[in-house]
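Please read the structure below before turning to the comments.
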Amino acid sequence: MITSEDLEKIPVFAVVDDQERRRLARLAADISLEPGEWLFREGEEPRFFVILEGELEVLKEILGHSRQLTRAAAGEFSGEIPIFFGASNTVSLRALTRCRVARFEPQQLQEIVRNNPSAGELIFQTMSSRTAMAQQIIRETPSSRVQITGSKFDTDCRSIRSFLSANRIQYDWSPTRPEPEPGTGITVSVEGTPLENPTVRRVAEALGFQTVAKDEQYDLIIAGAGPAGMAAAVYSASEGLKVLVVERFAAGGQAGTSTRIENYLGFPAGISGNELTERALKQATHFGVEILFNRNIEKVESLNESHCVTLDGGDRICARVILLATGVSWHRLESEDHDRLLGRGINYGASRFDGIAVTGHRIFIIGGGNSAGQAAVFYSGYAGEVIMLVRGSGLNQSMSQYLVQQIQDKANIRVEPYTQVTNVHGENHLEQITTVTRPPDGPECTQTYNAKALFIMIGAVAETNWLPPKIERDANGYICTGRDLTTWTLEREPFALETSIPGIFCAGDVRHGSIKRVASGVGEGSMSIAFIHEYLALSY
């Protein structure tokens with residue numbers, strides 16, 4: 001229990017009269033920490049903390065690294081800046097020694113400043129010095145962890161830039177001038193260490209991404225780190241399961257590329273796919289989830305009541321349960337020069353790093369769903385003109401109304417209905433596209449446009465051919481589960497998200513009958529863990 005005498009030893013409370021100190025002492029929470037325990041983490045709801053005993057370190061996530069800014073000892077306080085600015089915690093505090101801390105609610109800090117001018121003056125002086133320290137940190141911090149030199153038309157260079165962008169790693173890119181022939185090589189420097197013509201995985205490993213599993217046996221292996229996979233990882237690990245997630249590219253899946261998700265519950269101002277993914281990763285890491293990046297599962301085998309996966313490179317890992325949450329891929333454009341220009345102006349999905357590349361130019365987006373709408377709104381802030389090509393009559397039947405309205409409000413976005421791309425043209429990069437428009441009540445029209453970039457977001461393809469034939473799928477490759485199964489062989493009924501192989505579950509967009517929304521994927525991923533627990537209770 002905090003007493004007035006405890007607070008009197010703290011400079012900010014020494015100038016407060018005894019009656020006020022007694023009142024504040026009754027309101028304070030008495031917190032004890034062991035070395036290594038967190039007082040609070042960056043991004044959490046702020047509180048006002050006063051250190052009574054011990055020492056803590058102040059940590060800040062900078063360019064993907066946790067950096068110690070300073071130390072905080074008995075007599076100091078923390079939390080005033082985010083409270084006064086109405087923000088979440090901007091730093092984290094972790095105990096270095098045994099600590100005792102008094103915690104106050106934000107309104108109590110406001111009362112201290114309002115009712116005690118001398119205490120308020122000390123608090124504002126400390127804020128000022130901390131702001132000056134933040135300015136110094138900003139000046140000393142490099143703009144990025146990675147520097148890249150390479151051709152903008154080199155597919156390997158683009159793959160590395162795409163991986164870094166999707167995984168929220170800041171980088172500086174210097175396009176080679178004059179442009180060499182594609183494939184002549186790139187140079188990547190990771191925090192000062194040069195890498196000549198590296199693969200994406202080599203860059204990932206240099207940045208500290210985990211690419212090799214620590215063990216050979218887990219409770220649960222999750223294929224895919226999209227919304228369904230990450231939700232399942234967080235819920236399962238928080239309940240004590242040993243979890244491994246295998247992700248071939250970047251966490252977040254297609255949702256991670258969304259510039260603004262405005263219909264996700266709990267975020268009235270919207271949230272970007274980047275931010276949502278980053279929060280999910282922090283949660284998963286907090287609960288001890290292992291995530292392998294830039295690895296593919298090439299084979300799944302079931303042996304009695306255990307299941308094993310084989311990764312590219314031959315690594316074999318087993319688990320009691322497997323969850324398939326691989327998501328879907330975009331439907332490919334059929335065009336003669338498609339493969340040659342892929343990554344050189346033709347792109348699948350949207351990427352934030354492409355915004356600067358298309359500044360002032362005309363770009364085209366194929367698709368009329370929410371992903372295409374979000375991309376159009378985002379790129380409209382960079383491109384001179386954004387033309388959306390849709391096969392149907394417009395956007396109202398395939399896109400959320402809030403996005404339709406935003407597109408209508410953008411002067412540089414144009415929607416071309418009943419239109420398809422029939423050909424693409426260019427030497428080393430995309431230069432033109434040819435479209436055909438087939439209105440139901442008019443003549444067919446063919447046109448050729450100059451185009452800086454073409455972003456394809458049409459339909460969805462379930463790439464499940466790598467799975468064993470015993471896993472039942474529908475005619476389009478989507479995985480059947482629960483009551484949709486026709487090949488179930490056990491006496492018990494299958495669980496709602498269980499596939500035709502007992503102990504292998506499925507959640508998210510790749511599941512037959514799923515609703516293609518972020519919230520739905522999160523819900524299915526979370527729900528799957530309840531069924532997995534029931535399965536484990538029956539099996540062990």
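The values are calculated or read from the model by the stated rules, or taken from the named source; none is laboratory data. Worth saying up front: this structure is predicted, and the values here are computed from it rather than measured. A quick note on method: Cβ atoms are made from the backbone with ideal geometry, for glycine too, and the neighbour counts reach across all protein chains shown. Keep in mind that these areas ignore ligands, DNA and RNA; they rest on the heavy atoms of the full protein, side chains included. Shrake-Rupley method; radii C 1.70, N 1.55, O 1.52, S 1.80 Å.
Across segment 494-536, what is the total count of residues that are open to solvent by less than 20 Å² (accessible area, probe 1.4 Å), polar (S, T, N, Q) and over 22 Å from VAL461 (Cβ atoms)?
Of the residues in segment 494-536, the ones open to solvent by less than 20 Å² (accessible area, probe 1.4 Å) are 497-501, 503-508, 510, 514, 521, 524-525, 528-529, 532, 535-536.
Those still in the list that are polar (S, T, N, Q) too: 499-500, 514, 528.
Retained after the next criterion (residues that are over 22 Å from VAL461 (Cβ atoms)): 528.
So the count comes out to 1.
Of all residues in segment 235-272, those satisfying the criterion of being under 27 Å from ASN294 (Cβ atoms) and either without any contact (Cβ under 8 Å) to a residue 12 or more places away in the chain or among the polar types (S, T, N, Q) (or both) are SER236, SER238, GLN254, THR257, SER258, THR259, ILE271, SER272. Identify, please: which residue in segment 128-150 is among the hydrophobic types (A, V, I, L, M, F, W, C) and within 23 Å of ALA73 (Cα to Cα) and is, among those, most open to solvent (accessible area, probe 1.4 Å)? It comes out as MET133. Close contacts from segment 24-38, counting a first residue that is over 24 Å from ALA14 (Cα atoms) and a second that is hydroxyl-bearing (Ser, Thr, Tyr) and open to solvent by less than 80 Å² (accessible area, probe 1.4 Å), with Cβ to Cβ under 8 Å and a gap of 6+ residues or different chains, come to PRO35/THR97; TRP38/SER92. Scanning segment 459-480 for residues that are surrounded by 16 or more Cβ atoms within 10 Å (Cβ to Cβ) and closer than 30 Å to ILE387 by Cβ, we see that the one that is modelled with the highest pLDDT is ALA462.
What are the residues in segment 375-397 that are in contact with a helix residue (DSSP H, G or I) (Cβ under 7 Å, 6 or more places away or on another chain) and within 16 Å of MET457 (Cβ to Cβ), if any? The answer is ALA376, VAL377, PHE378, TYR379, VAL386, MET388, LEU395.
Any chance you could count how many residues in segment 237-273 are open to solvent by less than 30 Å² (accessible area, probe 1.4 Å) and at pLDDT below 95?
The initial filter retains those residues of segment 237-273 that are open to solvent by less than 30 Å² (accessible area, probe 1.4 Å), namely 237, 241, 243-247, 250-252, 255-256, 258-259, 261, 270-273.
Filter once more, so that each one left must be at pLDDT below 95: 250-252, 255-256, 258-259, 261, 270-273.
Total meeting the criteria: 12.
Kindly establish whether VAL358 is aliphatic (A, V, I, L, M) and either touching a Pro at 6+ places or on another chain (Cβ under 6 Å) or in contact (Cβ under 8 Å) with a residue 40 or more places away in the chain (or both). Judged against the criteria, VAL358 is a match. Answer with yes or no whether ILE62 is at pLDDT below 95 and over 16 Å from SER129 (Cβ atoms). When the stated conditions are applied, ILE62 passes them.
Just one residue in the set ARG100, ARG21 is surrounded by fewer than 18 Cβ atoms within 10 Å (Cβ to Cβ) and of a type in the set (D, E, K, R); that residue is ARG100.
One residue alone among ILE51, ILE31 is of a type in the set (Val, Ile, Thr) and either crowded, with 19+ Cβ neighbours inside 10 Å or over 36 Å from the mean Cα position of the chain (by Cα) (or both), and that residue is ILE51.
Taken over segment 481-493, residues that are open to solvent by 10 Å² or more (accessible area, probe 1.4 Å) and either touching a residue at least 60 places away in the same chain (Cβ under 8 Å) or not β-branched (Val, Ile, Thr) (or both) amount to 8.
Inclusion of ILE297 among residues that are farther than 30 Å from GLY43 by Cβ, at pLDDT 90 or above, among the β-branched types (Val, Ile, Thr) and open to solvent by 20 Å² or more (accessible area, probe 1.4 Å) is warranted. Can you tell me which residues in segment 109-127 are open to solvent by 20 Å² or more (accessible area, probe 1.4 Å) and not basic (Lys, Arg)? Those that are open to solvent by 20 Å² or more (accessible area, probe 1.4 Å) and not basic (Lys, Arg): GLN110, GLU111, VAL113, ASN115, PRO117, SER118, GLU121, LEU122, PHE124, GLN125, THR126, MET127.
Within segment 527-539, can one find any residue that is touching a helix residue (DSSP H, G or I) at 6+ places or on another chain (Cβ under 9 Å), among the hydroxyl-bearing types (Ser, Thr, Tyr), over 22 Å from VAL300 (Cβ atoms) and part of a helix (DSSP H, G or I)? Looking for residues that are touching a helix residue (DSSP H, G or I) at 6+ places or on another chain (Cβ under 9 Å), among the hydroxyl-bearing types (Ser, Thr, Tyr), over 22 Å from VAL300 (Cβ atoms) and part of a helix (DSSP H, G or I), one finds none in segment 527-539, hence no.
Results for (1) touching a residue at least 12 places away in the same chain (Cβ under 8 Å); (2) open to solvent by less than 50 Å² (accessible area, probe 1.4 Å); (3) within 20 Å of ASP154 (Cβ to Cβ), shown as yes or no for each residue.
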residue: GLN420; (1), (2), (3): yes, no, no
residue: ASN423; (1), (2), (3): yes, yes, no
residue: ASN428; (1), (2), (3): yes, no, yes
residue: GLN432; (1), (2), (3): yes, no, no
residue: THR435; (1), (2), (3): yes, yes, no
residue: ARG438; (1), (2), (3): yes, no, no
residue: GLY442; (1), (2), (3): no, yes, no
residue: ALA453; (1), (2), (3): yes, yes, yes
residue: MET457; (1), (2), (3): yes, yes, no
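Considered as a group, the residues in segment 66-106 that are of a type in the set (Phe, Trp, Tyr) and within 25 Å of ARG26 (Cβ to Cβ) include one that is nearest to the chain's Cα centre (by Cα), and that residue is PHE84.
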